[in-house]
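In what follows, a structure is listed as C-alpha cells, so that the remarks can point back to it.
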Amino acid sequence: MVLEHYISELLYRYNCVMVPNLGAFLTQTESAVIHKTTNAIYPPTKLISFNEQVVTNDGLLVSYIAKAEKSTYEETLVKVTDFVAVWKKQLQSGKKLDLAKIGSLSLNESDKIQFQPENSINYQTSSFGFSTFTANPIVREVLKTEVEELEEKIPFVFTPEQKRRSNSRPYLKYAAIFLLTITTGLTAFQYFNNNITQKQLVQEKAQEEVTRHIQQATFFDLEPVELPSISLDVVTSEKKEGVRVHHIVAGAFRFQKNADKKIRQLKRRGFNASYIGTNKFGLHMVTYDSFIDVDEALRTLKSVKRNHSSDAWLLSSK
C-alpha cells in the first residue's frame, strides 16, 4: 500500500484529507494570476497546506483505501496507523519525508511539522490541460517597419514558374544582373530615343505634305483637289472591351509608395512601366510593359527574363 498515492487521489475531489494520528492536508482554490515582472500567466490552481493539529479520523481516507484494495475498514485502519508510525519515526530522526505529488514534511527546531508543497501538480480539475506560459508584448509598429525595409530590398513576387536552384554564390549572380541591367538599360534607352525621333520626322513630313497640297488648291476651280491619303500609326493606352491584354509583371508590393518607386526605376531603364491595380491579395502590381499581341508579349518576356530579371512573369486579363 502506498499511502501518499491515495492521499493525492483524494485531493482532486476533496478540500480536506485527514491522515489519522498525523494531521490534515488542506486545499484552497486560487484564481488565475499574471506575474507583473515576467508576464507569466498562471492558471487557476489549488494551494496545498498541512495542519498537524487536526488528527481526528473522519474515516474518508481509510474507507477509500479499503474500497480500492478490497479490504475491511478495520484491517485498513491498522495498516494506515502503522504507516503513520513509520513516518513519524523518520521525522523524529531528523530526516525529510517526501510524499510523491504532494510535498515534503520535516520537523523544525520546535519539533513542529513543516510542510513544503509540490508546485508541479495542479489539483484543480477545471484547469486540466492548462499550463503556465509567458505572454510576450506585441510590437506591431516595429514589425511594420521591418517589413517595409525588407520590401525595399526584396519585392513580393507571385510567379507560377518554379525557380531553378543554383549552387553558385548569390553575390556573383547579383553582380552579373547589375552589369546586364546597366548595359540593357543604356541600349534600350538609345533605341527608344531613336524610335521616337524617327516617328516625329515621319509625322512632320506628312504634315508638311498636307499643308503644301492645301496651299496649292484653288477654291474657285470646278473640280475639287484630291488630297493624298496618309496612314499614321496611332498608339493608344485605352483598352478595348473584350480584348485580352498581356502584362509582363515586375513585382507585387504591399505599399503603394514602393510600387511607385519601382515604376520610376523601370522607366529610367527604358521600360514602359505602369501600375495595373491590386490583385486578390491586396498587393500593388507593377509591369514592365503591356501588349495586345501575345507573341510580342512572349518575346518581350523572354528577353526580360534573360537580360533583366528571371522573376518576371506573364499575366493575361480582359
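None of the figures in this text is laboratory data; all of them are computed from the coordinates on show. Keep in mind it's a predicted model, so treat the numbers as computed, not measured. Here Cβ is always computed from backbone atoms with ideal geometry, including for glycine, and neighbour counts include all displayed protein chains.
Please compute the Kirkwood hydrodynamic radius over the stretch 3-134, one decimal place, Å, based on all pairs of different Cα atoms.
The Cα-based Kirkwood calculation yields 16.1 Å.
Would you mind counting up the charge near Val80? Only other residues with Cβ under 13 Å from its Cβ, with Lys and Arg at +1 and Asp and Glu at -1. Kindly include the intermediate steps, with their values, before the conclusion.
Working: positive: Lys79, Lys88; negative: Glu4, Asp58, Glu69, Glu74, Glu75, Asp82.
After counting each charged neighbour, the total is -4.
Across 5 Å bins from 0, what is the distribution of all Cα-Cα pair distances for the stretch 264-309, in whole percents?
Each 5 Å bin holds this share of Cα pairs: 5, 19, 23, 26, 19, 8.
Nearest 20 debye, what's the magnitude of the dipole of the stretch 3-134 about its Cα centre given +1 on Lys and Arg Cβ and -1 on Asp and Glu Cβ?
240 debye
Please compute the net charge surrounding Ala273, taking Lys and Arg as +1 and Asp and Glu as -1 over other residues with Cβ under 14 Å from its Cβ.
+4
In whole Hz, what ³J(HN,Hα) sequence does the stretch 269-277 give by Karplus (6.51, -1.76, 1.60; θ = phi - 60°), x for Gly and Pro?
Working through the residues one at a time gives 8, x, 8, 8, 5, 7, 10, 10, x Hz.
Can you give the extra length, in nm with one decimal, that the chain gains between Ser63 and Asn21 once fully stretched, where that is 0.36 nm per residue apart less the Cα-Cα distance?
Computed gain between Ser63 and Asn21 is 13.5 nm.
Check which residues have an amide H placed less than 5 Å from Val245's amide H, if you skip close sequence neighbours.
Counting only residues 5 or more places away or on other chains, the set is Ser317, Lys318.
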